[in-house]
Amino acid sequence: MYRKITRAAKAKIGREFSLTFQGGVHYPVSIGAERLRGRIDSMGVFSRWRRLIGPIFAFVVASASAAGAAKTATTGKGAAFSIVHVADPRGNGPVWRKVLTELRDRKGHPALPAAEVLIVAGDFDPVRDRYRDFVDIFGSSPRPPVLLPVLGNHDLKAGYVAFVRDEWIPKIPNVQRAAKDPCSFAYDHRNTRVIAVDSYHAFGSRGVINEAGRNWTEQMIVSAGEDIAHVFISFHEPAFPRYRHLKDSFNADVPARDSFWEMLMRHRNKVRAVLVGHTHRYYRMRVANPKNGDGSDTENLPDEPDGIWQIDAGKTPTIVNIVIKDGAVHADVTRGSTFRSVDRWVLASAPKSDRGTKPAKIKKPALPKEPVFEPTAAETARFDTMLRKRTKEELAGGKAVVYYDSRMRTKSRVISVDETGALTIRAVGLPVTMKISWSVLSHGDKAGLALAVLRSGSKDDHAMAGFYLMAAGRRVDAEAHLRISGGGR
């Protein structure tokens, strides 16, 4: 007995292996090589004790290591991890399997942490095939992600619902199911709670969550313990749809939609985002006021301060990676055949208490500050008129006007400029179009536009670029253009 145990222990010394806890969740366990090897070898001289001490020692070491790993996993402290949000793999098994392979291997984006939870925001028809794909791809993985299903409008066949309700959800470790709607549930992972709402049965109809569903969702938010820092809500049909299903999603019942969103806003200290699908287009927006804000404007992607994010994962192969490290949360969206990163932003910053104590900095002598350039209203109006005119001229000539837009947070192409000066822009490489008024453009946005329409050697164009660059605080770049223009503003 002792020899078998010590040989097995020696074989695992210095390597990481896994133990299974809490309904199938795997945690890594590592044993210190030199210390354990020395203890086991030294016991060879104590022939009377080795049969007793060997098994006890191996058990204590493994148990202590497992306890430490389990504690790290349940408290959420330590290394970053990913919760992955995808949607609508319906009828496209090869792409779905490619997404699963990427999540397993992280070859396209190796810097992202491992996916520990995978949320499918509806439409995984055929359900059994998509579930079998997951089992096949992750069958040999030591730590597969926990797979969470959200019913979509194409998943409502009797056999599909029965499989999700009776076979899939029961396999989720420590799942908290709704008594009245067993396809709605909450799942806790580390310091995060995911709430999946079935909006087609007891808690809703045709994608609209009813009062019972709203009350249950709020109960699940409120009941999250103090160790839960982040809450994500997932259902299939968006509250604020874009591109497709503009009038027949959750917003088909505007009062119900508004009541649900206002409930979420009451808990915005914990609720980080609503994760949806259905439209087959990736986009994101942040909504604070569902009644009077821009959320209901289907031509706009609002970013309202202190609001809650709605993230539509579109359709596979788009992957929304939500990276969590203690109190900090950011999203990194990958897509395409190589799963390149196409969008990235912060959902929540770490509280000051989580950031640690920074070492004291040695104060350096302060450098004299350069005078701040503050353009007058008259100067701004004059150059704004010039910039709108030049942009229209370039568009009329069939030329592309591309600049980095601070609202889109990506390179954007100008589609048109209307009589009020409002721009219609489209994100480069993303199926996202937005109409923005001229007044919301920053000096940096206008500087990018001015450079996009610049005619080399034109004094007026260089003067315009220099003006906006100076206003944006880019003095060195501005001076180069101002020299060409003759130095005038």
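No value in this document is a laboratory result; all are computed from the given coordinates. Predicted model only: the values in this text are computed from it and were never measured. We place every Cβ from the backbone using ideal geometry, glycine too, and count neighbours over all the protein chains shown.
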For this session: Report the charge-dipole magnitude of segment 377-485 in Debye, nearest 20, computed about the Cα centre from +1 at each Lys and Arg Cβ and -1 at each Asp and Glu Cβ.
Result: 220 debye
Exercise. How much length is gained if the chain between K107 and A377 is pulled fully straight, taking 0.36 nm per residue apart and subtracting their Cα-Cα distance, in nm to one decimal?
Worked result: 92.0 nm
Problem set entry | FRET efficiency estimate (nearest 0.05) - Cβ-Cβ, L246 to S349, R0 45 angstrom | 0.85
Problem set entry | Net length gained if the chain between R483 and T298 were fully extended (0.36 nm per residue, minus Cα distance) | 62.2 nm
Exercise. Taking the Cβ-Cβ separation of E262 and K171 as r and a Förster radius of 35 Å, what is the calculated FRET efficiency to the nearest 0.05?
Worked result: 0.50
Problem set entry | Extended-chain gain in nm, criterion 0.36 nm per residue less alpha-carbon gap, R206 and D418 | 72.6 nm
Exercise. Which residues' amide hydrogens lie under 5 Å from the amide hydrogen of Y404, considering only partners 5 or more residues apart or on another chain, with H built in the peptide plane?
Worked result: S412
Seminar exercise, completed: Given 377-385, 334-342, the highest-first ranking by average Cβ count within 10 Å works out to 334-342, 377-385
Seminar exercise, completed: In segment 81-354, taking the dipole from +1 charges on Lys and Arg beta carbons and -1 charges on Asp and Glu beta carbons about the Cα centre, the listed residue (V231, G139, T279) farthest towards the positive end is G139
Exercise. Taking neighbour counts of Cβ atoms within 10 Å as a proxy for exposure, in what order, fewest first, do K98, K446 appear?
Worked result: K98, K446
Problem set entry | Where labels lie 7 Å past Cα in the beta-carbon direction, separation of K459 and R143 in nm | 6.6 nm
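Taking segment 92-173, which chymotrypsin sites (Phe, Trp or Tyr not before Pro) meet the DSSP loop condition and have no more than 11 other C-beta atoms within 10 Å? Display every interim value, and only then the final one.
Working: sites: W96, F124, Y131, F134, F138, Y160, F163, W168; in loops: F124.
Taking segment 92-173 and a limit of 11 other Cβ atoms within 10 Å, no loop chymotrypsin sites (Phe, Trp or Tyr not before Pro) are found.
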Exercise. Restricting attention to segment 185-246, which chymotrypsin sites (Phe, Trp or Tyr not before Pro) occupy a DSSP loop and are surrounded by at most 13 other Cβ atoms within 10 Å?
Worked result: none
For this session: Please go through the residue pairs K399/K459; K392/K435; K247/K446 and name each one whose alpha carbons sit more than 24 Å apart in this structure.
Result: K247/K446
Exercise. If the cut-off is 14 Å between C-alpha atoms, which aspartates and glutamates fall inside it for K315, apart from same-chain ones fewer than 8 positions away?
Worked result: D88, D123, D125, E237
Exercise. Rounded, prolate or oblate: which fits segment 81-354 when a ≥ b ≥ c are the square roots of the eigenvalues of the alpha-carbon gyration tensor, with rounded for a/c under 1.5 and prolate only if a/b beats b/c?
Worked result: rounded
Problem set entry | Under-5 Å amide H pairs with L118, H placed in peptide plane, nonlocal only | V84, V146, L147, L148
For this session: Identify the trypsin sites (Lys or Arg not before Pro) of segment 172-255 meeting these criteria: DSSP loop state and at most 15 other C-beta atoms within 10 Å of the C-beta.
Result: K180, R206, R244, K247
